[in-house]
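Report on one structure; see the data block that follows.
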Amino acid sequence: MTTPAIQTPPAGISAAEWQVRVDLAACYRLCALKNWDDLIYTHISATVPGEEGRFLINPFGFRFDEITASNLVKIDLQGNIIGDQTYRVNVTGFAIHGAVHAARADAMCVMHLHNENGVAVGMQQGGLLPLSQHAMRFYQQMGYHDYEGLALSPVEQTRLIERLGDYPAMLLRNHGTLISGRTIAEAYVLMDTLDKACSFQLKAQSGGGALNIPPPEVCAKTYKELLGDGSPEGILEWPSLLRKLDALSPSYRD
């Protein structure tokens, strides 16, 4: 097993920032492999180490499978581009991310996707049901935000943040999914878990039979077991996912 050589960060970029760029670019590529991208829309953002109020995000007009460490754009909470940059960003699309980053000190990485399974479950009145072990990871840990239109106003931002609370996940009804991670790896792994939970629910419902939902005490017990000691998830999974990408194409590291 070979590992790509560690690149020297470009001038003006710290080693810590470059590592975040590599991981964030990897996250975009992994989402593309899962078909979680929506043409050039939706976003994954990450905080810049040592630069308060600054974030990395995809350049507007690029597909997820085109994202690299070097073409990620640095912006502030208002979506203003930092430094010399030939790319532009979708400021309206960053509104959700900016609100979560500003409100949650633990929100190192914010993922907002239009993945089909999550959108479909978010359309249901009951939302995510504790039907599978994957769903129990979010037992009583899921926020819901009702659809209010395309543009996210400051007033709606406040409502979204109130409904998200301290939860790691949210279903934006009739719209998409939202994950807040303490690391990029954790955000990706939680999104993977949520997407599978939604997929299992939709498949079970399509059978037309009565659904078996475990008792609340079992759901609560399982959630605690899955949470473990509360350390960020993805520590073990992330290196293996990077190896997968490196085998397919290490160009995300460029």
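The values are calculated or read from the model by the stated rules, or taken from the named source; none is laboratory data. The structure displayed is predicted, hence computed values, not measured ones. In this analysis, Cβ positions are derived from the backbone assuming ideal geometry, glycine residues included, and neighbour counts consider all displayed protein chains. We work out accessible area using only protein heavy atoms, side chains counted, and drop any ligands, DNA or RNA first. Shrake-Rupley method; radii C 1.70, N 1.55, O 1.52, S 1.80 Å.
Selection of region 152-172 for residues being open to solvent by less than 40 Å² (accessible area, probe 1.4 Å), in contact with a strand residue (DSSP E or B) (Cβ under 9 Å, 6 or more places away or on another chain) and part of a loop (DSSP other than H, G, I, E, B) yields Gly165, Pro168.
Please determine whether any residue of region 23-39 is in a loop (DSSP other than H, G, I, E, B) and either crowded, with 17+ Cβ neighbours inside 10 Å or modelled with pLDDT under 95 (or both).
Going residue by residue through region 23-39, those that are in a loop (DSSP other than H, G, I, E, B) are 34-37, 39.
Those left that are additionally either crowded, with 17+ Cβ neighbours inside 10 Å or modelled with pLDDT under 95 (or both): 36-37.
Among the residues of region 23-39, at least one is in a loop (DSSP other than H, G, I, E, B) and either crowded, with 17+ Cβ neighbours inside 10 Å or modelled with pLDDT under 95 (or both), which makes the answer yes.
For region 81-94, the criterion of a residue being under 20 Å from Gly181 (Cα atoms) and either of a type in the set (D, E, K, R) or touching a Ser or Thr at 6+ places or on another chain (Cβ under 8 Å) (or both) is satisfied by at least one position. For region 83-122, the set of residues classified as touching a strand residue (DSSP E or B) at 6+ places or on another chain (Cβ under 9 Å) and open to solvent by 50 Å² or more (accessible area, probe 1.4 Å) consists of Gly83, Gln85, Tyr87, Arg88, Val91, Asp106, His114, listed by residue number.
Scan region 132-151 residue by residue and report those that are touching a residue at least 40 places away in the same chain (Cβ under 8 Å) and either surrounded by fewer than 18 Cβ atoms within 10 Å (Cβ to Cβ) or more than 21 Å from Cys31 (Cβ to Cβ) (or both).
Restricting attention to region 132-151, the residues satisfying the condition of being touching a residue at least 40 places away in the same chain (Cβ under 8 Å) are 132-141, 150-151.
Those that are touching a residue at least 40 places away in the same chain (Cβ under 8 Å) and either surrounded by fewer than 18 Cβ atoms within 10 Å (Cβ to Cβ) or more than 21 Å from Cys31 (Cβ to Cβ) (or both): Ser132, Gln133, Met136, Tyr139, Gln140, Gln141, Leu150, Ala151.
What are the residues in region 186-229 that are charged (D, E, K, R) and buried (at least 17 other Cβ atoms within 10 Å of the Cβ), if any?
Residues of region 186-229 charged (D, E, K, R): 186, 192, 195-196, 203, 217, 221, 224-225, 229.
Within region 186-229, Glu186, Asp192, Asp195 qualify.
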